[in-house]
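Each reported figure results from applying straightforward, stated rules to the coordinates on display, with no laboratory input. The structure presented is a predicted model; accordingly, all values stated were derived computationally and were not measured. With ideal geometry, Cβ positions are generated from the backbone for all residues, glycine too; neighbour counts draw on all protein chains shown.
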Ligand SMILES: [Mg+2]
């Protein structure tokens, strides 16, 4: 027990929910497995490079690709399962032969290690990837070991649904509750901020994706960083949020 006078010094538990693409990792030639999975699943040569995927979920990215070429395809649950399986196997194959690479962004590994060593922080993900492909990406980038099970496009195609799912999963594992105000989303797009705000959570945006820091500041997140390359400063910032 802490003496009453020291109560302010007790660090508040924080759940840090990381976006993956453009925040923790950068993928080179990710379009190769994605387009292959579209072709194998739908028999259509769709190209992810024709749309803006940043901040979107994989099912909505696929729908955007269809819309771009005037296709109206109603995709059912079984087809999404096939697409997910094709995407996972395509990613594994392309990574194995070096055609696609997934690297941690500067500071990401060190930041996650420092947060995992600090008692008050717990780290997980909120991502537009399916759970299977999120796992492939995080394992390939060497970051999976730091992150608890979060929420994924396989839970909902609507990103704002995901933070509450990640929070509830953490609460079950930790066997205690955590307030939304104690959760911080770290992402690289205005959509990450929107999903944080929709859930009453705080948000830090980083300029390592499509958007510059100047563009991200326009949306008024709780904090904006050029990147995660100064992990100690990021830890200090998160402690104060
Ligand atoms: Mg992102």
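Counting only alpha carbon atoms, the long axis of helix 231-240 and the longest principal axis of the chain meet at about 60°. When only Cα pairs under 8 Å and 6 or more residues apart are kept, what is the percent relative contact order across the range 28-101? It comes to 46 percent, rounded to a whole number. So, how do all the Cα-to-Cα distances of the range 162-224 break down into 10 Å bins, in percent, from 0 on up? All Cα pairs considered, the percentages come to 24, 47, 23, 6.
Here the gap between residue 75 and residue 119, fully extended at 0.36 nm per residue and compared with their Cα-Cα distance, gives a gain of 11.5 nm.
Full extension of the chain between residue 49 and residue 226 yields a length gain of 61.2 nm, computed as 0.36 nm times the residue separation minus the alpha carbon distance. Modelled label positions at residue 210 and residue 31, each set 7 Å beyond Cα in the direction of Cβ, lie 1.3 nm from each other. Footprinting exposure proxy ranking of 185, 73, 38, fewest other C-beta atoms within 10 angstrom first, gives 73, 38, 185.
Given an 8 Å cut-off on Cα distances and at least 6 residues of separation, report the relative contact order of the chain as a percent. Across the chain, relative contact order equals 25 percent.
Largest GNM mean-square fluctuation among 136, 69, 184, using the chain with Cα springs under 10 Å: 69.
Axis angle, to the nearest 10 degrees, between helix 162-174 and the longest C-alpha principal axis of the chain: 50 degrees. Note on residue 13 and residue 40: their simple-model spin labels are 4.0 nm apart, each label 7 Å out from Cα toward Cβ.
Ranking of 137, 202, 68, 40 by neighbouring Cβ atoms within 10 Å, starting from the fewest: 68, 40, 202, 137. Fewest neighbouring Cβ atoms within 10 Å first, the residues 215, 88, 72 line up as 72, 215, 88.
Once the Cα atoms are used to define both axes, helix 31-42 deviates from the longest principal axis of the chain by about 60 degrees. Helical content of the chain, expressed as a calculated mean residue ellipticity at 222 nm, amounts to -12500 deg cm²/dmol (DSSP H runs of 4 or more residues, -39,500 (n - 2.57) each, divided by residue number, nearest 500).
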